[in-house]
Amino acid sequence: MLEKDTPFKFSDECQKAFKILKKKLTCAPVIVIPKWNLSFEIMCDASDFAVGAVLGQQDGKNFHPIYFACKTLNPGQQKYTVTEKELMVIVFAFDKFRSYLILSKTIVHIDHSALKHLFKKQDAKLRLIRWILLLQEFDIEIKDRKGIENVAADHLSRIENDESSDDSQVDDKFSEETLMEINTNDEP
């Protein structure tokens, strides 16, 4: 099929696989609506050139995706350390999925265990401290998950998109609401 004058062989095995795929794509929901009584989970991953996240919910043993998001990194972001990229994908996910997560407990699955300790560290880089402060308004629990178990987010973080025109930065500015909250909390 990729070469000219080459016969295409569609065997019985191919036909069977096609029917299974067709059935799975047409009967089972790929993306579901959220159940507001369940906590949310985010699967995150970062690669050298992109970040990816999947918002979903665990219902028994099954993870049901609600939203997929990925972003190509600009040349400056591609120079970030692994820890910076992994924290950046969490900030990206919470910014993207904010309307779902604002009043909910959220479990973040990521394959970079150092992030769990970063939230307690006082002498981190300024960019990391800003991002940690932005995440403090959410009820977050970070869990380690091997990359092999985090397939969807891993795939999203490895998509190369030359057509991407999204030059937006991860928003590390404080909103007026957050500044007001910080200001009122400092008063005795």
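Quick notes
- Single residue of Ser11, Ser39 found to be surrounded by fewer than 16 Cβ atoms within 10 Å (Cβ to Cβ) and under 18 Å from Asp95 (Cα atoms): Ser39
- Among the residues examined, His117 does not qualify as at pLDDT below 80 and within 16 Å of the chain's Cα centre (by Cα).
- Summed over segment 49-82, residues that are crowded, with 16+ Cβ neighbours inside 10 Å, out of contact with any Lys or Arg (no Cβ under 7 Å at 6 or more places or on another chain) and over 21 Å from Asp139 (Cα atoms) total 7.
- Per-region count, segment 14-36, residues surrounded by 13 or more Cβ atoms within 10 Å (Cβ to Cβ) and not aliphatic (A, V, I, L, M): 1
The values are calculated or read from the model by the stated rules, or taken from the named source; none is laboratory data. All of these numbers come straight from a predicted model, not from anything done at the bench. Positions of Cβ are backbone-derived with ideal geometry, glycine not excepted, and every protein chain shown enters the neighbour counts.
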